[in-house]
Structures are given as C-alpha cells and as structure tokens.
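Here the structure comes first, spelled out in structure tokens, and everything after it is commentary.
Read-outs throughout are calculated quantities, based only on the coordinates presented, and are distinct from any laboratory measurement. The shown structure was predicted, so the numbers you read here are calculated from the model rather than taken from an experiment. All Cβ positions, even for glycine, are placed from backbone atoms using ideal geometry, and neighbour counts span all protein chains on display.
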Amino acid sequence: MTLLKKILKTLVIILLILFPFLGGALLSKHTPYIEGNSMTSFVVIYSVFVLVLVSALIFIINKYKQAFVQPVLSGMLLFVLGCVMMGIVGFSVAPDLSIKMLEHPEREHFRYILFFIGALFFGLYFVQLLTTNALQLNSTFKWVMIIIFALTMTELIWEFSHHYLYPEGLKEWVDKGNKAEDFNEHYDDWRSITTGAIGRFLIYILMLWLSLRLYKIRRISIWNPILNTFLCLLGIISSIAFFLYGAYDIETPKELGFLMLFFIPGLPFLIMYWIGVALLSKTNILKTN
C-alpha cells in the first residue's frame, strides 16, 4: 500500500470514528427539544439519514468486495450501532427528568427505542460470532462468552425497559401527590444502580476481551485494542465505583466525577461501533494492491 493510500485510509478511519458525533451534530438542528421542531420530523429526517448511510455502505462493500476481509457481516451489524448513537447525539440534550418530561414523553420513549435497536444489533453480532465460531474459541471459552453475553443482554433489556417506563412511573408518582423532585431517587434506587453497575462491568469486560481477541486473530488493527483497552478499563473502574455507591453508599471522589460518562447507556454501543469500524477498515492487502 502506497503512502498516499495509507494517509487516505487513516483519514477515512478518523472520519468513521467521529461519524456518530458529526452526523449527530447535523441532526441536532432538528432535535425536538428545540421549540418549533416536531418529534415526527426528527424521526423522519433521522430515518432518511440512516437509510442513506446504510445504502452507501452496502454499495461500497459490494463494489469493492475483494478489498474487504471477509466476512463483512459482523462489521455491518456494528455499523448500525453508530447510526443509533448518531440519533442519541442528535437529541443534543440529556433526558429531562423533571415534571416537564410528562409534556412530551414520546421524546424519552424514542430515545430508548433507539437503545433497544442498539441492543438488538449488539445481540445479533454476538449470535453471529458464536454460531460461526469466528473467534476460533475452544469449547470452554466459548461457553464462558455465551454466559457473559447472556447476562449482559438480560441486563440491557431490563435497564432499557426500566428507563423507557420512566415517564409512566413519574406520572403515577405525581398523581399520588408526591413531589416530582423526589421521584428519581425513588425510581433509581440502590437495586437498580447495583444491577446497572454489574451489567456495565460485564459488558466492558466482554468488549475488552473481544477487542484483544479480534486483534490476536488479525481481524482488526492495533489502534482499536489500544483505544478500547483505555476506555474499557475506565468503564470497569466506573462500574466498580457505582456498585460501591449503590450497595454500600460509598461516594466517588469529586476528582473522579468524569467516570459518570462511562455509566451512560450509549458509551458501550459507541465502543462496539468502533470495533465495527476496525473490522470494516481491515483491508485485504493482496487484493487491494
């Protein structure tokens, strides 16, 4: 591969890494949280974005099929997670947990519908890995991975269902005469925090091991395990910190407040998407030359 091709490939990888943020920035102009923008128009514009992007990916893969290391299905499944995160970034604001949420509960419902779609493709990716034994595992490691994956998927489905029903829970809470400001502490109690922490711990362990394994069998380049090891280790520390807070009421020092970032639902999907970028950008050198 010539120097020019290496530079162009590096630029494409960087662009793909940033794609959820760049696409989300464009989409944020239509966020329903801005007065005058409707939820319907946001969903339509977002859907068109995704359709165009996925169609372009399929076209490129089919046109330059010999340049890609096969199979490309796993990378394509994870690319959808980037589209999911583009939609989440496109909202441009965090969930509104105040009483105002009840004016437009469909906003938070759609947010978690996107997360459900992400969980679906996350699951499809691992099912594809396990059924084809693409990671070249012996039976013991394969069963360990199956167990961790099953536990992770169970927690994700529970967590997204829990947050999807937040507006309904808030309405019921307020209708009983309780203060809206007290609902979040009631709804996200120590049990939900510790359950979420265990789920995050498992998913970060799973992603760290997956990235290292894919590199070992030469399916991805070194940049991905370096990036993912750094992020997953911080995610593991964050999970432990939240578990200690939920189970034992031990608060994290303020200096480590940035660890909160690793507890948000979308970050694991973003890391998985970057694994997809690494898979799709691993070119077949012989065919390319």
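So the values come out like this:
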| read-out | value |
| --- | --- |
| Neighbour-limited loop hits for trypsin sites (Lys or Arg not before Pro), region 139-232 (at most 10 other Cβ within 10 Å; DSSP other than H, G, I, E, B) | Lys176, Lys179, Arg218 |
| Helix axis angle, 190-216 relative to the chain longest principal axis, alpha carbon, degrees | 10 |
| Neighbour-limited loop hits for chymotrypsin sites (Phe, Trp or Tyr not before Pro), region 37-114 (at most 16 other Cβ within 10 Å; DSSP other than H, G, I, E, B) | Tyr64 |
| Gain on full stretching of the segment that runs from Val93 to Asn37 - 0.36 nm per residue minus C-alpha separation | 18.7 nm |
| Residues Phe263 and Tyr64, FRET efficiency given R0 of 45 Å [Cβ-Cβ distance, rounded to 0.05] | 0.70 |
| Backbone N under 19 Å from the Lys9 label point (7 Å along Cα→Cβ), restricted to region 214-238 | 214-227 |
| Region 9-74 versus region 241-257: alpha-carbon centroid distance in Å | 36 |
| Sequence-separation-based contact order of the chain, relative, with Cα cut under 8 Å and 6+ spacing, percent | 28 |
| Per residue, the convex hull volume that the Cα atoms of the chain enclose (Å³) | 144 |
| Cut-off under 5 Å, modelled amide H: who pairs with Phe68 long-range | Asn284 |
| Computed P(r) (all Cα pairs; region 180-287; 10 Å bins; percent) | 14, 38, 26, 14, 5, 1, 0 |
| Simple spin-label estimate for Trp143 and Leu212 in nanometres, 7 Å along Cα-Cβ | 2.2 |
